[in-house]
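Down below is the structure, laid out as structure tokens.
The values are calculated or read from the model by the stated rules, or taken from the named source; none is laboratory data. Quick caveat, the model's predicted, so the values are computed rather than measured. Here the Cβ positions follow ideal geometry from the backbone for every residue, glycine too, while neighbour counts run over all protein chains shown.
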Amino acid sequence: MGYNCYIEEYIINNKDEFKTTLLSEAVQVAPNINDILQKGNIDLPKNAEKIARYVVTNNKKELSSFAEVEGIAWASNSLTLAFKLEWIHAIRRTLWHFLHKLYYDKSVQPLDDFFKLEQMINDGIDEFLNTFFIAYSKYKDNLILSQRKLVEHLSVPIIPVSPAVAVLPLIGTSDTYRMKIIEEKVLNEISMKRIQTLIIDLSGISDMDEVAVAYFEKILIGVNMMGARSILTGLRPELVRKMVNIGINLDRQTETKGTLQQTLSELLGV
């Protein structure tokens, strides 16, 4: 019987010793085990046993799958990464402890097998950590992206002021990413709400780079293609200069007026 079989059998038959050794290695995590269980429904000792068995039997498929599940669980529950890192390294040291113990108990086994298994343990733990952190990062990145999209959509408020007229007040800095959000929101709202005139007020725009300015022209073209009319209000001198410098002519795409109040007064008599 090889060392890996001995270790797996030892883990199964000596769960209490495995847990005791593990907790003595993870001094920072040990006091927080119950909190992690309550917060994320994650049973660290039970999961550690599972990870250890996957590692010593070189079950790469199950190890990778479990690492991905763990990464998502820790990310979705916002658990401390430092605890996870200490815990996994504690599993590594616990496996080393059992391996060394078995080597002396089973000294008839070839020394090469001992070193091969030690290397396999290190590789397995490293693979778990790599897959875990990739899954954790992907979940967090997707969460941040979805939250950013939500915020951006909320920052593009298209306000109906009559059955056919709506106002889009833009504030802050507009980059290419935000322009794509504006384009999506504007075209969808024109279609859904049957908007005939869209007033885009730019008095709150602090800056817009040249790429965003060029993209903005495409949005106005899209509004025309949807059969709607656009009116720009509140254009600041610096934005006008930027448009002129890059050769953008909005005469064919839109109308421009001084203020939002002036435009609403003309259209609605308010």
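Conditions (1) surrounded by 14 or more Cβ atoms within 10 Å (Cβ to Cβ); (2) among the charged types (D, E, K, R); (3) modelled with pLDDT of 90 or more, marked per residue:
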{"site": "Ile91", "(1), (2), (3)": "yes, no, yes"}
{"site": "His97", "(1), (2), (3)": "yes, no, no"}
{"site": "Leu102", "(1), (2), (3)": "yes, no, no"}
{"site": "Asp105", "(1), (2), (3)": "no, yes, no"}
{"site": "Met120", "(1), (2), (3)": "yes, no, no"}
{"site": "Thr131", "(1), (2), (3)": "yes, no, yes"}
Test: Asp16 is out of contact with any helix residue (DSSP H, G or I) (no Cβ under 9 Å at 6 or more places or on another chain) and within 19 Å of Thr80 (Cβ to Cβ) | no
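Do we have Ile33 as hydrophobic (A, V, I, L, M, F, W, C), in a helix (DSSP H, G or I) and touching a Phe, Trp or Tyr at 6+ places or on another chain (Cβ under 8 Å) here? Full working, then the answer.
Values: hydrophobic (A, V, I, L, M, F, W, C): yes; in a helix (DSSP H, G or I): yes; touching a Phe, Trp or Tyr at 6+ places or on another chain (Cβ under 8 Å): no.
No.
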In the stretch 195-241, the residues that are outside any strand (DSSP E or B) and among the β-branched types (Val, Ile, Thr) | Ile195, Val211, Val213, Ile219, Ile221, Val223, Val240
For Gly124, the lone unmet condition from (1) more than 22 Å from the chain's Cα centre (by Cα); (2) surrounded by fewer than 16 Cβ atoms within 10 Å (Cβ to Cβ); (3) not basic (Lys, Arg) is (2)
Restrict the check to the stretch 185-192 and report whether at least one residue is assigned by TED's automatic domain parsing to the domain that holds Val165, of a type in the set (Val, Ile, Thr), touching a residue at least 24 places away in the same chain (Cβ under 8 Å) and in contact with an Asp or Glu (Cβ under 6 Å, 6 or more places away or on another chain).
-> no
